[in-house]
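The values are calculated or read from the model by the stated rules, or taken from the named source; none is laboratory data. Because the structure is predicted, anything quoted here is derived from the model rather than measured. No Cβ is skipped: glycine too gets one built from the backbone with ideal geometry, and neighbour counts run over all protein chains shown. These accessible areas exclude ligands, DNA and RNA; they are computed on the full protein's heavy atoms, side chains included. Shrake-Rupley method; radii C 1.70, N 1.55, O 1.52, S 1.80 Å.
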Amino acid sequence: MTSARPFRIRTITSFITIDPSDFDNEASSLKEKIHACSRLLRDGESQMTTAGFEVQTIRIATNPFGEWLVTNNEDVNERLQRFNKLLSDCDINFCSLGPSYDPEHTTTICPEIVSIAPGRFSCSANINAGDITAALAAAKCIKTISLKDEGEHLQGGLGNFRFAAASCIDTVPFFPGARAPKGLGKDTIAFAVGLENGGFARELLQEAGSIENVQKVFHDKMRKELLPIQQICVGLESDNGMHYLGIDTSLNPSLDDGGSVAEAIECLDEVGVFGHPGTMAAAAAVTTSLQSIPDVKTTGYSGLMLPVLEDRRLAELDTLSIQKLLCISSVCGVGIDTVPIPGDVSERSLASLILDVAALACRWNKPLSCRVFPVPSRLAGMATSFDSPYMCNSSIFPVE
């Protein structure tokens, strides 16, 4: 094994298109697809580990669940449980079932998907600009999920870790917005890679020192580290007959010491404190650089990820607001992500926030999502008390 790399592989995500007929004959066709994904993912995991990369998760994402889960012939829960068992047999612990395009499905089926123990499934709701009905349905779904507590993965509002309102999402390897690319053939498997690289971001931005140096540093240093991953992926594509979509080069934080992306941005002379003047210019410079790394095939967000409950610096800043985060998202990735909000937030206010995110995404044709956590019995300014290895705690953000 080679020496350790400066960042982790957060996910190798495979994408498949499911058809209702895949559940025929005791779901034999679906079983074959999952096993083919598992072989690809394990092969990729093994090769990347040998190359010195720590691979945290392997995942599967499907086409929109309304195309295959909702039929007149079989109970939705029964089909979900069968799918869940097949994934468990292959030790696949993360699976996104794509977006809902039907407001009724959003309010009734999305909460059911998220509720399936032990929390293997994620999903989203597609929101187009100005689609008030879809936004209200997503808001209702978020509120419904926040009150579920019949499993550890749901308690205290944690269920919304696995649901988002999403706009302009296609080949994103990160959950819960991941979905199979439009037009992916039912017999084709595609795959992409996502990173966890907050510590590496800090190293690069310390070296850059100023916004004017960001592109050169990122193009030189990230290219050097990403090309070995791409070489492995191209080999997997050739050897397995799969379709390689690219690397989501996004800066993605960890909870490790020094793993904050917000703290990394503060290393630039022009920023000082994240969220203060200079932040948007830095976010734009970083995103432009990440989307144009020479010789690297990019996909997904390829921007700046700012998940409040996954970035310790963001979580401790008392000067941030949802509107400020949304403003910064206009020039980078992901949208409003893992933001705790009051448990009594109205569906109308939540829908308005979702519409703001959708408007920004659709106006500029950029992938954005809204993943918020209404925390039962908590008000704005109070502290969260989540007990999760994937998140830290912060003050609850007001929505209005």
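Points worth noting:
- With every protein chain in place, the chain: carbon and sulfur % of accessible area (1.4 Å): 46 percent
- Solvent exposure of F175, expressed as accessible area, is near 30 Å², computed with a probe of 1.4 Å over the protein chains only.
- Over the Cα atoms of the stretch 276-376, the radius of gyration divided by the Kirkwood radius equals 0.99; this is the Rg/Rh ratio.
- FRET efficiency, N77 to R223 (Cβ-Cβ, R0 45 Å, nearest 0.05): 0.45
- Mean Kyte hydropathy of 0.0 or more with a Cα span along the axis of at least 24 Å, helices from DSSP in the chain: 347-364
- Within the chain, the proportion of C-alpha pairs whose separation exceeds 36 Å stands at 19%.
- The stretch between K324 and D24, if pulled fully straight at 0.36 nm per residue, gains 103.1 nm over its current Cα-Cα span.
- Additional length obtainable on full extension of the chain from S377 to T50, 0.36 nm per residue less Cα span: 113.0 nm
- Protection proxy ranking, peptides 121-128, 27-34, average beta carbon neighbours within 10 Å, highest first: 121-128, 27-34
- C-alpha center-to-center spacing [the stretch 134-168, the stretch 28-46] in angstrom: 29 Å
- Other residues within the sphere of radius under 11 Å centred on the Cβ of T107, judged by their own Cβ, net out at -2 (K and R +1, D and E -1).
- Inter-site label distance for T133 and D239 at 7 Å from Cα along Cβ, in nm: 4.9 nm
- Between Q291 and E152, the modelled labels are 4.0 nm apart [label points 7 Å from Cα along Cα→Cβ].
- Note on E207 and A281: the model spin-label points, each 7 Å out from Cα along the C-beta direction, lie 2.3 nm apart.
- Local net charge near S250, Cβ-Cβ under 12 Å (Lys/Arg +1, Asp/Glu -1): -2
- Cross-link partners for K216 among the aspartates and glutamates, with Cα-Cα distance under 20 Å and sequence neighbours closer than 8 places in the same chain left out: E203, E207, E225, D248, E266, D269, E270, D295.
- Which listed pairs, of K143/K366; K85/K182; K224/K324; K85/K148, have C-alpha distances above 29 Å, in listed order: K224/K324
- Sequence of T62, T288 when ordered by accessible area, the most exposed leading, probe 1.4 angstrom: T288, T62
- With both residues required to sit in the chain, DSSP beta bridges show an antiparallel share near 25%.
- Relative to one another, the C-alpha centroids of the stretch 200-248 and the stretch 103-132 are positioned 32 Å apart.
- Summing Lys and Arg as +1 and Asp and Glu as -1 over all other residues whose Cβ lies under 12 Å from the Cβ of L147 gives a net charge of 0.
- Computed helical MRE - 222 nm, the chain, DSSP H runs ≥ 4 contributing -39500 (n - 2.57), nearest 500: -12500 deg cm²/dmol
- Gain on full stretching of the segment that runs from D89 to S346 - 0.36 nm per residue minus C-alpha separation: 88.5 nm
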